[in-house]
Amino acid sequence: MNNDSKNGVNRLIARYKAGYVDAFDKICEQFGNMVKSIARAYFLVGGDREDLLQEGFLGLLKAVNGYEEEHGIAFSTYAYTCILNNIKKAVRKANSKTNLLLSNAIPLETVTLINTKNPEDLMITTETGEEIKNEVKKLLSPFEYRVFELYLSGLSYKEIATETEKQTKSIDNALKRIKEKITENFKA
């Protein structure tokens, strides 16, 4: 981020803290892709991507409220950490049985093959993103794989249903099957 952008963000943060709520909208525009990118790393079956996006934007709000330029850290670094932590906290909370919707979240960035026996095998067989994609493709039916790709691209259940010309419930069922297949064959 160049100095102009950095100073622009710092000015927006100062405006927001001074009571100009519209400044947060501009911050959201600048950091929206970051929030989407972080949220996309988590696979949420049984809910909508908006649940994790909302948690991400709450993390961004926490970053704006807690950021102090004097500490010498770039806002983008601070915001990334706050967004990631808020999403992870939501997933952990969901796993505590109080929210079954988020309890199905799997961080895709940590998927490794389950057939590894020891740390050496794990290091040797850790797959690249393309190899993992190919393994997942083998597990899923063509329809499931299409739904999986569309979901990871950020489409909502409704948008996937429109794209595939299926009912929203079919998409929900497909994503549940996908999660089951992935958890049976991969280790998070």
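Any read-out appearing in this document is the output of simple, stated calculations on the displayed coordinates, not a laboratory observation. Owing to the predicted nature of the structure, the values given are computational and were not obtained by experimental measurement.
Listed cross-link partners Lys88/Lys138; Lys26/Lys133; Lys26/Lys169; Lys36/Lys137 are compared with a 31 Å cut-off, the Cα-Cα value being larger for Lys26/Lys133; Lys26/Lys169. Around the amide H of Tyr42, modelled in the peptide plane, lie the amide H atoms of Leu108, all under 5 Å away and 5 or more residues distant in sequence or on another chain.
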